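Coordinate-derived values only; no laboratory data. Because the structure is a prediction, the values reported are computed rather than measured. All Cβ positions, glycine included, derive from the backbone under ideal geometry; neighbour counts span all protein chains shown.
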Amino acid sequence: MAGVGRCCGNFCKEFKQFALRGNVIDLAIGIIIGTAFTAVVQSFVDDIITPPFGLILGGVDFVNLTAKMKNFVYKDQPPVVIRYGKFIQTLISLFIMAFALFFLITSVNKLHQLSLRKKQTEETIQLETSDEVKILCEIRDLLAKQSASEK
């Protein structure tokens, strides 16, 4: 029984180390923000985008766009309803999310490229400074040897 307690203790310790690493916490935050963003986009589509389209189409509510199919198997059951209006709203949400993610990722990539360029220029400047310092050190050493040999 002591082996089980030790094993559980090791598991708990390893899980705690895993859970407290920055990547797991960042992932959890990303999921929470993504869920909230999804709700905002869904509301944007449902409440702002599709109502004007429905008005243009003659006062149609997209949620109520359905196709009813007669239930051939069970005649006493209600018809099968296909809610294609809700599906259209979901597709619009998908496209908005895809565009938002596309712009976010391209912006992050541009920032990353800018930081790489800045880092490369700093390294270049640092290398140039290092070469100059080396030459000045060599000159200093030569002058020191020359003055030491003159004494």
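Inspect the stretch 81-97 for any residue being surrounded by 12 or more Cβ atoms within 10 Å (Cβ to Cβ), without any contact (Cβ under 8 Å) to a residue 24 or more places away in the chain and outside any helix (DSSP H, G or I) and give the result as yes or no.
Within the stretch 81-97, one or more residues are surrounded by 12 or more Cβ atoms within 10 Å (Cβ to Cβ), without any contact (Cβ under 8 Å) to a residue 24 or more places away in the chain and outside any helix (DSSP H, G or I).
For the stretch 47-70, enumerate the residues that are part of a helix (DSSP H, G or I) and surrounded by fewer than 10 Cβ atoms within 10 Å (Cβ to Cβ). Talk me through it step by step, then tell me what you get.
Filtering the stretch 47-70 down to residues part of a helix (DSSP H, G or I) leaves 47-56, 62-64.
Answer for the stretch 47-70, where residues must be part of a helix (DSSP H, G or I) and surrounded by fewer than 10 Cβ atoms within 10 Å (Cβ to Cβ): Asp47, Ile48, Pro52, Ile56.
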